[in-house]
Amino acid sequence: IYGFDDTATLKVMYGEAFRNANPYEQYYYGSQASYGELQPETIKTYEVAYEKELTPQIDFIATAYSYHVTNLISAVTTPDDDLYFANLDSAHGRGVEVELNRRLDGGTSVRASYAVQRTVDEITGRELSSSPNNLVKLNLGVPLRGDALGLGFELQYHGASTAQSGVRADDFLLSNVTLIGKPTEGLELSLSIYNAFDE
C-alpha cells in the first residue's frame, strides 16, 4: 500500500485460494468414486487499485485485476448420458472496474460501479459460461431509524453472456432489497429479497 497523500492510495495485492468439491459434486453421480477423487479448485489473483477521495463525501476507486484458476470442477457426461464431475479446465480472467461512492446528509449512501471483464477457458479459448463482459451495479443505502434500522436497494445489470449450452444469453437487470436491523449492541439481522422482479 502506498499513500500519495492524505486523499490518494495505491494498493497492489496478490492472493491464493482454493475450493473443495461440494457434496453435490462428490456424490450426485452414483459411480463418481470410480472416476477418481476430485481435487480442489485453486485460484491466484493479482490486483492493482487506486483509491482517491475526491471530496469529503465522494470516493473514487479504479481497479485492474487478473486471475488464474486451475482444476475447475466441471460436469461431464458418460457415453450413457449419465452425469459426473471431473477436474478438467483452467481459466484466466482479466478486467477493470471503476466505482464511485457518495455519502449524503442523514447517512444515506449511493455506490455505482462498472466493470469490463473477459474470462476464457485456457484449453478451448472460449469464454466461460455465465460470465458477462459488462457488469453495472447501483446501490442505495437509507437509514430508517439511525443505526438501528436501514434499507438497502441494489440494481445489477449483467451484460449478455454465453450459456452452458453454448448459445448467447440476453442481458438482464436484477433488483435486490435488504432490510438491516441492529436490535442490540453486537447483533445484526438482515432480511433480503433477491431478484425482486423475477428476471
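Take the residues in the stretch 65-83 that are among the polar types (S, T, N, Q) and at pLDDT 90 or above, then tell me which one is surrounded by the fewest Cβ atoms within 10 Å (Cβ to Cβ).
Checking each candidate, the answer is SER66.
Scanning the stretch 69-83 for residues that are assigned to a strand (DSSP E or B) and either closer than 21 Å to GLY152 by Cβ or without any contact (Cβ under 8 Å) to a residue 12 or more places away in the chain (or both), which turns out farthest from the chain's Cα centre (by Cα)?
THR77
Say we look at the stretch 128-151 and pick out the residues that are open to solvent by 60 Å² or more (accessible area, probe 1.4 Å) and not in a strand (DSSP E or B); which of these is farthest from GLY95 (Cα to Cα)? Don't jump to the end; show me each part of the working.
Keep residues of the stretch 128-151 that are open to solvent by 60 Å² or more (accessible area, probe 1.4 Å), which gives 130, 137-138, 140, 144-145, 147, 151.
Narrowing further to those that are not in a strand (DSSP E or B): 130, 144-145, 147.
Details: SER130: 16, LEU144: 36, ARG145: 38, ASP147: 35 Å.
Of everything passing the filter in the stretch 128-151, ARG145 is farthest from GLY95 (Cα to Cα).
Considering only residues that are open to solvent by less than 90 Å² (accessible area, probe 1.4 Å), assigned to a strand (DSSP E or B) and hydrophobic (A, V, I, L, M, F, W, C), look in the stretch 3-36 and name the one that is farthest from LYS52 (Cα to Cα).
That would be ALA17.
If you go through the stretch 152-169 one residue at a time, how many are surrounded by 14 or more Cβ atoms within 10 Å (Cβ to Cβ) and aliphatic (A, V, I, L, M)?
2
Residues in the stretch 4-37 that are touching a Pro at 6+ places or on another chain (Cβ under 8 Å) and small (Gly, Ala, Ser): how many?
1
Since THR124 meets every condition but one in (1) polar (S, T, N, Q); (2) in contact with a strand residue (DSSP E or B) (Cβ under 7 Å, 6 or more places away or on another chain); (3) open to solvent by 50 Å² or more (accessible area, probe 1.4 Å), which condition does it not meet?
(2)
Okay, residues lined up against (1) surrounded by 15 or more Cβ atoms within 10 Å (Cβ to Cβ); (2) of a type in the set (A, V, I, L, M); (3) assigned to a strand (DSSP E or B):
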{"site": "LEU38", "(1), (2), (3)": "yes, yes, no"}
{"site": "ALA49", "(1), (2), (3)": "yes, yes, yes"}
{"site": "ILE61", "(1), (2), (3)": "yes, yes, yes"}
{"site": "PHE85", "(1), (2), (3)": "yes, no, yes"}
{"site": "GLU99", "(1), (2), (3)": "yes, no, yes"}
{"site": "ARG102", "(1), (2), (3)": "no, no, yes"}
{"site": "GLY106", "(1), (2), (3)": "no, no, no"}
{"site": "VAL116", "(1), (2), (3)": "no, yes, yes"}
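The values are calculated or read from the model by the stated rules, or taken from the named source; none is laboratory data. These figures come from a predicted structure and were not determined experimentally. Using ideal geometry, Cβ is built from the backbone for each residue, glycine included, and neighbour counts are taken over all protein chains shown. To get the accessible areas, we keep the full protein, side chains included, count just its heavy atoms, and leave off ligands, DNA and RNA. Shrake-Rupley method; radii C 1.70, N 1.55, O 1.52, S 1.80 Å.
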